[in-house]
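Novice: First the structure, which I've put down as structure tokens, then a few questions once you've had a look.
What follows draws every value from the coordinates through simple rules; no lab data is involved. Model, not experiment: these values are computed from the prediction. Cβ: placed from backbone, ideal geometry, glycine included. Neighbour counts: every protein chain shown.
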Amino acid sequence: MRYFSLLAVLFLGMHTLNPAAAQTGMTPPEAAVKPVELESHGHVRVDDYFWLREREDPEVIAYLEAENAYTKGMTAHISDLSDALFEEMKGRIKEDDSSVPYRRGDYWYYTRFETGQEYPIYSRRKGTMEADEEDMLDVNTLAEEMGSAFMQVSGVQVSPNAEHLAFAADTVGRRIYNIRFKNLTTGEYFPETIEHVTANLAWANDNQTVFYTKQDPETLRWYQIYRHTVGTDPSEDVLVFEEADDEFLSFVFRTKSNQFLLIGSSQTVSDEYRFLNADDPTGNFQVVLPRARGLEYSVDHYGDAFYIRTNADGATNFKLMKTPVAGPSMENWEEVIPHREEVLLSSYEIFQDYLVLVERSQALTHMRVRPWDGSEEHYLDFGEPAYLAYLSTNVEFDTPLLRFGYTSMTTPTTTYDYHLGTKEKTLLKRTEVLGGFDSNDYITERVWAEARDGTAVPISMVYHKDTPIDGTAPLLLYGYGSYGNSIDATFSSTSLSLVNRGFVYAIAHIRGGQEMGRQWYEDGKLMNKINTFTDFIDCAEYLVEADYVDPERLFARGGSAGGLLMGAVINLRPDLWKGVVAAVPFVDIVTTMLDDTIPLTTFEYDEWGNPNEQEAYEYMLSYSPYDNVEAKDYPNLLVTTGLHDSQVQYWEPAKWVAKMRKMKTDNNRLLLKTNMSAGHGGASGRFERIKEIAFDYAFVLDLAGAVSIETSQN
């Protein structure tokens with residue numbers, strides 16, 4: 001490993017693990033202290049819990065199980081509440097439900113769930129929705145046949161002639177899949193299985209050739225594209241592309257037109273695409289535009305042209321260009337949609353007569369319809385202060401109908417068909433929320449907090465109409481703020497279990513996402529990362545000052561990079577929070593980013609910084625939650641992780657909790673809960689996943705002492 005030398009492995013003052021004591025549920029486990037010195041840039045850090053990285057070490061497993069036993073004991077008093085919340089959340093779900101069908105070729109495709117079943121069934125009907133139903137893949141049956149407690153199916157794709165099905169299954173939760181093929185005419189599986197690959201795959205037009213992506217077995221970086229012929233031995237598959245730069249990952253997909261296959265190579269600030277006619281699967285891929293540092297672009301196809309969304313020539317918020325397939329180089333580019341300083345071009349959808357643009361400004365999404373004939377363009381009207389509108393499944397060019405989805409903090413996920421010419425909107429489905437839900441019982445708001453540097457930061461929130469906004473309500477503040485991922489104001493049926501008990505549920509749209517445009521992301525990454533954490537704190541302080549929350553009952557929640565946020569804000573302002581839930585938290589950022597054998601590390605140098613460079617190292621070290629744990633009081637803390645997590649390794653939260661146990665000076669709760677059979681996304685089944693949310697909320701409700709709105713009215 002290039003980043004540190006083991007100067008010494010010291011067993012001084014070593015503590016022994018006491019699982020028996022932990023079984024009582026009262027004495028916290030004490031991880032063994034085995035100091036390791038890590039050297040970088042002449043600076044030595046001592047990591048007492050580096051040994052927890054050894055996944056196969058029985059002592060590591062014993063420690064995690066002891067922590068689980070301690071958590072179970074310490075939360076025994078809320079087990080009934082957790083169970084009740086689960087039943088409550090489950091009771092809002094229409095168990096025998098299905099997605100809105102979409103047409104591709106001769107078939108209508110959809111997924112459905114059956115009562116009591118954890119997993120979806122992939123189905124279709126030929127010609128009309130009145131035709132006989134054909135179940136292509138029952139994931140419940142697949143999980144039962146494989147005897148797996150975890151089952152994640154992804155990459156489900158039907159061949160162009162609709163006769164074959166390809167899909168990928170992960171039975172561990174580490175996002176390492178096996179690809180299988182099924183003959184949809186006979187119902188029989190093909191004999192081969194492509195093992196230990198990703199779920200990224202694409203059919204060629206011959207209905208026999210599939211391109212798929214393979215990951216590096218150690219780092220899990222997607223780096224190889226293979227060509228497979230259905231019905232043949234995978235050992236004969238042909239490597240068609242290998243991404244040599246360890247800061248890039250690669251993937252493959254078909255254009256909407258189905259005429260081209262594209263191989264993409266991407267990292268945080270650069271992209272490169274190669275194309276191949278899908279009718280010629282054994283041909284050679286050609287480069288659309290060579291990669292260049294800082295050049296981001298994506299590609300789709302229509303007619304005789306590629307359409308390219310890009311930040312080229314200083315288009316920070318992106319623009320849309322058009323270029324001939326026969327000569328896609330930049331000198332042939334023609335501008336379709338110019339760059340605008342105040343509006344981010346998020347995505348687009350091409351139709352024969354219309355171009356639909358998805359734009360983002362003032363922390364809201366907008367849909368803009370532009371006829372190709374040059375007639376007047378228009379925007380769709382959504383009419384709420386905070387919401388998310390998004391493109392749904394649009395597989396046809398020659399149609400005047402745009403399918404889009406809409407949701408807000410008071411509106412369940414809704415699917416519409418919108419006539420681009422007449423502007424008529426047709427409701428296709430609104431997710432049914434059982435249990436007497438009435439959106440009129442809830443109020444949603446969009447407010448703005450002033451950050452310490454004067455920046456206005458939006459906050460979206462929802463609360464019950466009977467909740468007093470007078471500084472007496474408990475509040476849960478959610479945040480993320482990384483990778484340019486925008487956390488939008490969407491509906492959550494599970495959060496009703498908080499809101500119906502008098503909570504305000506709020507989302508801080510902090511820098512690091514793209515809610516306010518691309519610059520919002522740039523201002524919350526690399527050497528600006530601290531803005532993400534201070535924005536979240538400033539939002540919390542605003543909510544206290546504006547009487548949205550009782551300052552003694554303020555809670556925070558975040559996961560993954562949002563878990564890093566949780567770790568940073570409790571180091572900076574531990575006094576602000578009554579309790580914090582940190583899910584799969586990325587808290588050991590310096591050690592992880594120095595280890596190029598860990599998944600995602602090299603790919604993310606342009607997100608966090610490359611700590612092999614001293615300036616970046618020192619900046620990252622200044623906020624890394626694990627490295628900044630101190631001897632002081634911390635809030636109540638629930639930390640969750642998964643043993644098989646491939647994105648944030650389980651040992652990061654495990655080490656963090658162990659160090660906090662040793663350092664903290666309070667008697668507040670510190671709980672670590674490890675799912676021993678899952679990965680980054682937690683449990684795979686729809687009900688098992690709800691159980692995990694119910695547990696998190698029971699932890700929060702117990703600390704808040706909240707009662708239901710219904711109870712308070714009696």
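Novice: Tell me which lysines have Cα within less than 27 Å of Lys659's Cα, excluding those fewer than 8 residues away on the same chain?
Specialist: Correct list for Lys659: Lys34, Lys72, Lys525, Lys529, Lys578, Lys632, Lys673.
Novice: Moving to a separate point now. Just grab the label-to-label distance for His43 and Arg452, each label 7 Å out from Cα along the Cβ direction, in nm (one decimal).
Specialist: A separation of 1.9 nm, rounded to one decimal place.
Novice: Angle check, please: helix 79-91 long axis (alpha carbons) against the longest principal axis of the chain (alpha carbons), in degrees 0 to 90, nearest 10.
Specialist: With both axes taken from Cα atoms, the answer is about 20 degrees.
Novice: Provide the FRET efficiency to the nearest 0.05 for the Asp381-Thr431 pair, computing r from the beta carbons and using R0 = 30 Å.
Specialist: Computed FRET efficiency for Asp381 and Thr431: 0.90.
Novice: Using alpha-carbon pairs under 8 Å, 6+ residues apart, how would you state the relative contact order of region 99-340 in percent?
Specialist: Relative contact order comes out at 8 percent.
Novice: If packing is taken as the average count of other Cβ atoms within 10 Å, what order do 515-528, 460-473 fall into, highest mean first?
Specialist: 515-528, 460-473
Novice: Could you work out how far helix 614-623 tilts from the main Cα principal axis of the chain, as a 0 to 90 degree angle to the nearest 10?
Specialist: In the chain, helix 614-623 runs at an angle near 60 degrees to the longest axis.
Novice: Angle check, please: helix 561-572 long axis (alpha carbons) against the longest principal axis of the chain (alpha carbons), in degrees 0 to 90, nearest 10.
Specialist: 30 degrees
Novice: Moving on to the next point. Assign unit charges at the C-beta atoms only (+1 for Lys and Arg, -1 for Asp and Glu), then state the dipole size of the chain relative to its Cα centre in Debye, rounded to the nearest 20.
Specialist: Here the size comes out at about 680 debye.
Novice: I've got another one for you. Using the basic label-point model (7 angstrom from Cα toward the beta carbon), what is the Ala244 to Ser677 distance in nanometres?
Specialist: Simple spin-label model gives 4.5 nm for this pair.
Novice: In deg cm²/dmol, rounded to 500, what helix-only [θ] at 222 nm does the chain give when every DSSP H run of at least 4 residues adds -39500 (n - 2.57) and the total is split over its residues?
Specialist: -5500 deg cm²/dmol
Novice: So how strong a dipole does region 99-340 carry about its Cα centre when Lys and Arg Cβ are +1 and Asp and Glu Cβ are -1, to the nearest 20 debye?
Specialist: Computed charge dipole of region 99-340: roughly 740 debye.
Novice: Of the beta bridges DSSP finds with both residues in the chain, what % are antiparallel, to the nearest 5?
Specialist: Here the share of antiparallel DSSP bridges comes out near 85 percent.
Novice: Taking the Cα centre of region 23-126 as origin, sum charge times position over the Cβ atoms of Lys and Arg (+1) and Asp and Glu (-1), and report the length of that vector in debye to the nearest 20.
Specialist: Using only the charged Cβ atoms, the result is roughly 1060 debye.
Novice: Points 7 angstrom from Cα along the Cβ direction at Val269 and Gln352: gap in nanometres?
Specialist: 4.4 nm
Novice: Suppose a student asked you for the relative contact order of the chain, using Cα pairs under 8 Å spaced at least 6 residues apart; what percent would you report?
Specialist: Dividing the mean separation by the residue count of the chain yields 10 percent.
Novice: Of the listed peptides 609-616, 163-170, what is their order by residue-averaged count of other C-beta atoms within 10 Å, with the highest listed first?
Specialist: Highest mean packing first, the order is 163-170, 609-616.
Novice: Sort 642-653, 687-698, 67-78, 125-136 by packing, meaning the average of other beta carbons within 10 Å per residue, with the highest value first.
Specialist: Order by mean packing, descending: 642-653, 687-698, 67-78, 125-136.
Novice: Taking +1 at the Cβ of each Lys and Arg and -1 at the Cβ of each Asp and Glu, which of Asn207, Gly116, Pro101 sits farthest along the dipole of region 99-340 towards its positive end, judged by Cα position relative to the Cα centre?
Specialist: Pro101
Novice: Would you please state the base-10 log of I(q)/I(0) at q = 0.05 1/Å for the chain, with intensities from the Debye formula using one equal scatterer on every alpha carbon?
Specialist: Rounded to two decimals, the profile gives -0.25.
Novice: Turning to a different aspect of this structure: Which one, Trp577, Thr413, Leu380, projects farthest toward the positive side of the charge dipole computed for the chain from Cβ point charges (K/R +1, D/E -1)?
Specialist: After comparing all options, I get Trp577.
Novice: Have a look at Gln152, Ser265, Thr316 and report the one farthest towards the positive end of the charge dipole of region 99-340, computed about the Cα centre with Cβ charges (Lys/Arg +1, Asp/Glu -1).
Specialist: Comparing the listed Cα positions along the dipole, Thr316 ranks first.
Novice: Asn628 label point, 7 Å along Cα→Cβ, cut-off 18 Å on backbone N: hits in region 518-534?
Specialist: Answer for this model: 523-534.
Novice: Assuming R0 = 30 Å, what is the FRET efficiency of Met330 and Leu401, from their Cβ-Cβ distance, to the nearest 0.05?
Specialist: In this case the efficiency is close to 0.30.
Novice: Any aspartates and glutamates with Cα under 16 Å of the Lys256 Cα? List them, leaving off those in the same chain fewer than 8 positions away.
Specialist: Asp279, Asp300, Asp304, Glu349, Asp353, Glu396, Asp398
Novice: Something else now. If the reach is capped at under 18 angstrom between alpha carbons, list the aspartates and glutamates near Lys465, excluding any in the same chain fewer than eight residues apart.
Specialist: Excluding near neighbours in sequence, the set is Glu384, Asp438, Asp441, Glu445, Asp547, Asp550, Glu710.
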